[in-house]
Amino acid sequence: MAERLERYDEQNLDRLTAEKAKLEILVSRIADGAILLDMDLSIMLINLNALTVFDLGPTKEEVIGKKIYKCLPLEISSQLLPIFNKLKNGAINLDLNFSNKDLCVQSIKFKQKVIRVFLAPVLDQNIDKIRGIVMTIQDITKEVDLNEAKNKFIANVSHE
């Protein structure tokens, strides 16, 4: 019986390790920046695109396990921390049956970049308790620049 229990533990450990590897590969292949936080706001997973957008360093090992607000630049963390705390404390009333649970922070200016951050809660199996937070980061600098150029062009054409 002890031998069967030991084999079962080994199989579970192998299965969990394989699932973690799949999740890390999936996150690393996402075109946008992606960060997975636990309820203490510690970074559990981060992809290369998120490291690049926030200039967090060359490797994800440098930030895994650290608090997100200690890693992000002040101008970004000051905007996101109140939302994190509301999510963490359950102060944002989420209709859990609603299909889109994302919160969006529009147009954060950072250095010469303009980024958009989406926050979504990670819910447990019963969909009644928040287990973490997923951040999706989009660099929308080119979109903003193109929109400004379009507006200038329209203004010039209408003036002429």
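The values are calculated or read from the model by the stated rules, or taken from the named source; none is laboratory data. Predicted model, so just to flag it, every value in this text is computed and none were measured. We place every Cβ from the backbone using ideal geometry, glycine too, and count neighbours over all the protein chains shown. For the accessible areas, the whole protein counts, side chains as well, though only heavy atoms, and no ligand, DNA or RNA atoms are used. Shrake-Rupley method; radii C 1.70, N 1.55, O 1.52, S 1.80 Å.
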Per-selection Rg to Rh, the stretch 1-97 - Cα, Kirkwood hydrodynamic radius: 1.11
MET44 - accessible surface, heavy atoms, 1.4 Å probe, Å² rounded to 10: 90 Å²
Pairs beyond 19 Å (Cα-Cα), from LYS22/LYS86; LYS67/LYS109; LYS67/LYS88; LYS20/LYS86; LYS20/LYS88: LYS22/LYS86; LYS67/LYS109; LYS20/LYS86; LYS20/LYS88
Acute angle (nearest 10 degrees) that the helix 2-29 long axis makes with the longest principal axis of the chain, alpha-carbon atoms: 10 degrees
Inter-label distance, nm, simple model (7 Å from Cα along the C-beta direction), ASN89/ASN126: 2.4 nm
Distance in nm between pseudo-label sites at GLU143 and LEU13 (7 Å out along the Cβ direction from Cα): 4.5 nm
Helix 141-159 vs. the chain, principal-axis angle (Cα, 0 to 90°, nearest 10): 20 degrees
